[in-house]
Amino acid sequence: FVISKRITHPLTDLTSYNTKYVGSNFTLINSHSGKLTEDEIGKLTLNFNVMRDNIIEKLSFFKQ
């Protein structure tokens, strides 16, 4: 149970943040506060943050 929770908790947090971000019409600016690790979930979190920043930048450009 402990190992399972340790593995799924970061993924659950990222999923929750992703849901909030999409629900905000892609305007939620604050970064996901998940711990960036060297594993797949850390890489997924890092890539999501990069993607979020690019989407916000492009939306801002189009709104101008």
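What net charge do the residues around LEU28 carry, taking every other residue with its C-beta under 10 Å from that of LEU28, with Lys and Arg at +1 and Asp and Glu at -1?
On the way: positive: LYS20, ARG52; negative: none.
Once all neighbours under 10 Å are counted, the net charge is +2.
For region 15-25, take each phi angle, set θ = phi - 60°, evaluate the Karplus expression 6.51 cos²θ - 1.76 cosθ + 1.60, and give the result in whole Hz per residue in order, putting x for glycine and proline.
Each residue of region 15-25 in turn: 4, 5, 5, 4, 4, 5, 5, 5, x, 8, 6 Hz.
In deg cm²/dmol, rounded to 500, what helix-only [θ] at 222 nm does the chain give when every DSSP H run of at least 4 residues adds -39500 (n - 2.57) and the total is split over its residues? Let's see the in-between values first.
Working: 2 runs with 46 residues, N = 64.
Computed ellipticity for the chain at 222 nm equals -25000 deg cm²/dmol.
What does the charge dipole of the chain about its Cα centre add up to, to the nearest 20 debye, if the Cβ of each Lys and Arg holds +1 and the Cβ of each Asp and Glu holds -1? If you can, show how the numbers build up before the last one.
Working: 8 positive and 6 negative charges, 36 e Å.
Its charge dipole is roughly 180 debye.
May I ask you to compute the full-extension gain from LEU59 to SER31, defined as 0.36 nm times their residue separation minus their alpha-carbon distance, rounded to one decimal in nm? It would help to have the intermediate numbers written out before the result.
Details: separation 28, 0.36 × 28 = 10.08 nm, distance 1.69 nm.
Length gained between LEU59 and SER31: 8.4 nm.
Ordering PHE26, PHE1, PHE62 by accessible area with a probe of 1.4 Å, largest first, what comes out?
Details: PHE26 80, PHE1 195, PHE62 155 Å².
Most to least solvent-accessible, the answer reads PHE1, PHE62, PHE26.
Take the alpha carbon gyration tensor of region 1-52, find the square roots of its eigenvalues, order them as a ≥ b ≥ c, and report rounded if a/c is under 1.5; if not, report prolate when a/b exceeds b/c, else oblate.
On the way: a/c = 3.02, a/b = 1.67, b/c = 1.81.
Here region 1-52 falls in the oblate category.
Out of the GluC sites (Glu not before Pro) in region 8-64, which ones are loop residues according to DSSP with at most 14 other C-beta atoms within 10 Å? Don't jump to the answer; show the numbers that get you there.
Working: sites: GLU38, GLU40, GLU57; in loops: GLU38.
Answer by residue number: GLU38.
The values are calculated or read from the model by the stated rules, or taken from the named source; none is laboratory data. All values reported here derive from a predicted model rather than from experimental measurement. So basically every Cβ, Gly included, is an ideal-geometry build from the backbone, and we count neighbours across all protein chains shown. Each accessible area value is taken on the protein alone, full model and side chains, heavy atoms only, with ligands, DNA and RNA left out. Shrake-Rupley method; radii C 1.70, N 1.55, O 1.52, S 1.80 Å.
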